[in-house]
Amino acid sequence: MKIHLIAAARPNFMKIAPLYHALKKEDWAEPVIVHTGQHYDLNMSDAFFQDLSLPEPHIHLGIGSGTHAEQTGKVMMAYEKVLLEHRPDLIIVVGDVNSTVACALAATKVTYALPYHSPFSIHNSHGLRPLIAHLEAGLRSFDRTMPEEINRIVTDTLADMLWTPSPDGDENLLREGISCEKIVRVGNIMIDSLEMLRSRIEAQVVYQEYHLAKREYGLITLHRPSNVDSPEVLLSICDVLIKISEKVPLIFPVHPRTKKNLHQFRIMTKFEKAENILLLEPLSYVRFMNLVFNCKFAITDSGGIQEETTYLGIPCLTMRPNTERPITTKRGTNRLCNLSNLESTVTKLLSQTQNAYNPPEMWDGKTAARVVKAINICR
Ligand code: UD1
């Protein structure tokens, strides 16, 4: 069974890695990594492949940056050619980035030229196409101003197999009329990568390199357009972070999108002058996770960090009005914050100790095995 694993942007790599390693062990599976090239900097892509022991991508589409339509369109055109040439039986898309929806769309509309025989393919009006699976299906923020929400809804509509991380995912899909036979709860694949690399993550003391002490610093990541694309909003966030840094040191690996805007809006110098905020280039997976494991709290707008901190029991302040991962606020340590309450929330949690609690069900490092089982059942 030829299986394409679609990887595109930084948060995808830790989702395909455990699955690639698990499928590699099966004699019936031939996993093929397709990198669309949405993220291309060494520290946004290659460093992750190395940490996660992934081989060089077997197929690289080299798409790069662009507007949403450009990026989505270019991925569709390039991936259609790959589909016609390689004829995978199954394609697995992960997460919610533009490449996720683009590859799912290309695979839905492609028709393999005959003669073609595969017990796994699906009939469309002209012939056969590959099966499409979405890993991390069913998440909804109910905020259609987020590009990722559109990507999630469209991808889930197209997928033949929908693998969800939590019960809310199943509920959302059923409410949207997706048949229950297509839905399998498999758990959170990101936790597989975390557990796979836990010993290497724990062996490091990255925070010490920056003269920080364990549990005595805050970790910042920001890259959502709603936070970083407007000069007024970005400047206000910067001002609040500077105030917070007067109480506790902050370390901030800066996403390329944010870095570009900090320079363009002439905010970078103000940030650089703040003595208690360390600005860094994006870090590799293991180094970044070492900072997560040892921080007092994280301030973020990332989806993955809401989940990783929930799993580890670390307070997470999410700079968004909503989350597609409600389990992190209901069962975990995640709190939604905004410009007016961020500083007071940090002040409160600096005086609190964290209570122990159990992570959500099926966030246990065994999700890849459950996905392999789900594929095996449909063979
Ligand atoms: C994308 C995803 C977002 C995900 C994020 C993780 C979409 C719509 N967005 O957002 O869901 O949370 O990745 O990082 O798919 N750039 C570089 N080097 C790179 C990649 C990007 O310099 O390797 C710069 C470019 O200026 C580019 C900008 O960052 O235009 C934005 O990149 P893009 O992939 O379009 O979106 P992200 O903001 O990274």
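Listed values, structure above:
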| item | result |
| --- | --- |
| Complete set of residues in the range 1-17 that are away from the ligand (no atom under 16 Å from the Cβ) and open to solvent by 10 Å² or more (accessible area, probe 1.4 Å) | Met1, Lys2 |
| Some residue of the range 243-251 being within 24 Å of Arg10 (Cα to Cα), crowded, with 18+ Cβ neighbours inside 10 Å and of a type outside the set (Asp, Glu) | yes |
| Among (1) within 16 Å of the ligand (Cβ to nearest atom); (2) under 27 Å from Ile150 (Cα atoms); (3) touching a residue at least 12 places away in the same chain (Cβ under 8 Å), the one test that Pro88 misses | (1) |
| Residue within the range 97-111 that is polar (S, T, N, Q), more than 16 Å from His35 (Cβ to Cβ) and part of a helix (DSSP H, G or I) present | yes |
| Sole exception among (1) touching a residue at least 40 places away in the same chain (Cβ under 8 Å); (2) more than 12 Å from the ligand (Cβ to nearest atom); (3) more than 17 Å from the chain's Cα centre (by Cα); (4) crowded, with 17+ Cβ neighbours inside 10 Å for Gln50, by number | (4) |
| Every pair of residues 6+ apart whose Cβ atoms lie under 8 Å, when the first sits in the range 29-42 and is open to solvent by less than 20 Å² (accessible area, probe 1.4 Å) and modelled with pLDDT of 95 or more while the second is near the ligand (Cβ under 10 Å from one of its atoms) and not in a helix (DSSP H, G or I) | His35/Ala8; Thr36/Ala8; Thr36/Ile63; Gly37/Ala8; Gly37/Ile63; Gly37/Gly64 |
| Segments classed as strands (runs of 3 or more DSSP E), wholly inside the range 296-361, with at least 1 members that are of a type in the set (D, E, K, R) | 334-336 |
| Count - residues of the range 223-242 that are assigned to a helix (DSSP H, G or I), open to solvent by 40 Å² or more (accessible area, probe 1.4 Å) and not aliphatic (A, V, I, L, M) | 6 |
| Helices (runs of 4 or more DSSP H) contained entirely in the range 121-214, each with at least 2 residues that are open to solvent by less than 20 Å² (accessible area, probe 1.4 Å) and either among the hydrophobic types (A, V, I, L, M, F, W, C) or within 30 Å of Glu85 (Cβ to Cβ) (or both) | 147-158, 189-196 |
| Of all residues in the range 265-283 being more than 19 Å from Met44 (Cβ to Cβ) and either polar (S, T, N, Q) or under 23 Å from the mean Cα position of the chain (by Cα) (or both), the one that is most open to solvent (accessible area, probe 1.4 Å) | Thr269 |
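The values are calculated or read from the model by the stated rules, or taken from the named source; none is laboratory data. As the structure is a computational prediction, the values presented were derived from the model and not from experiment. Here the Cβ is made from the backbone with ideal geometry for all residues, glycine too, and neighbour counts use every protein chain on show. Each accessible area value is taken on the protein alone, full model and side chains, heavy atoms only, with ligands, DNA and RNA left out. Shrake-Rupley method; radii C 1.70, N 1.55, O 1.52, S 1.80 Å.
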